[in-house]
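The values are calculated or read from the model by the stated rules, or taken from the named source; none is laboratory data. Owing to the predicted nature of the structure, the values given are computational and were not obtained by experimental measurement. Please note: Cβ atoms are built from the backbone with ideal geometry, for glycine as well, and neighbour counts cover all protein chains shown. Heavy atoms of the whole protein, side chains included, go into the accessibility calculation; ligands, DNA and RNA do not. Shrake-Rupley method; radii C 1.70, N 1.55, O 1.52, S 1.80 Å.
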Amino acid sequence: MKIKVNKKKCSGCHLCEMVCSLSHIGAINIEKSAIRIRKDDLGTSLNTPTFCLQCKDMKCIEGEHVQEGLEKRKFFWDKERAERCPFDAVMVFDDQAYHCDLCGGNPQCTKVCTPKALRYNRRGAPGTSGAA
Ligand code: SF4
Ligand code: SF4
């Protein structure tokens with residue numbers, strides 16, 4: 001299971017960030033969401049939706065004695081994991097990390113993305129997504 005990104009289609013509307021926070025904390029606060037729309041560093045108009053890539057090899061939990069499958073399903077993470085993520089894909093605000101839990105298999109961000117920059121591939125098997 002994986003969310004596919006087409007950054008050329010992203011308008012930068014931030015609706016995905018809003019619905020992520022709304023569906024997890026019951027309020028719209030884009031800093032408390034697991035997805036960020038980042039501008040690229042090259043001065044182009046491209047927006048890059050960024051969120052956990054659901055890696056098979058989870059560098060983020062290296063050294064921890066936890067079950068990967070369980071941790072993947074959690075939205076609130078310790079910020080140390082964000083620091084370990086090589087893709088800068090876990091969002092941190094006020095010492096709290098926010099991790100994409102794929103909304104338990106029903107990703108809300110893909111539903112509000114009208115330009116279809118975010119698309120959900122239901123056919124992909126869990127744990128096979130690797131680095132997107
Ligand atoms: S993208 Fe980062 S946080 Fe997500 S599984 Fe990979 S290493 Fe862990
Ligand atoms: S799939 Fe759910 S948790 Fe992940 S970024 Fe989208 S709304 Fe947030």
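For the reader, a short list of remarks on this structure follows.
- Candidates Glu83, Glu31, Glu62: the one that is more than 20 Å from Met1 (Cα to Cα) and touching a Phe, Trp or Tyr at 6+ places or on another chain (Cβ under 6 Å) is Glu31.
- Residue pairs whose Cβ atoms lie under 7 Å apart, separated by 6 or more positions or on different chains, with the first residue in segment 54-75 and within 16 Å of ligand 2 (Cβ to nearest atom) and the second aromatic (Phe, Trp, Tyr), are Phe75/Tyr98.
- Total residues in segment 71-93, condition part of a helix (DSSP H, G or I) and open to solvent by 60 Å² or more (accessible area, probe 1.4 Å): 4
- All conditions in (1) surrounded by 14 or more Cβ atoms within 10 Å (Cβ to Cβ); (2) out of contact with any Asp or Glu (no Cβ under 9 Å at 6 or more places or on another chain) hold for Gln67, with the sole exception of (1).
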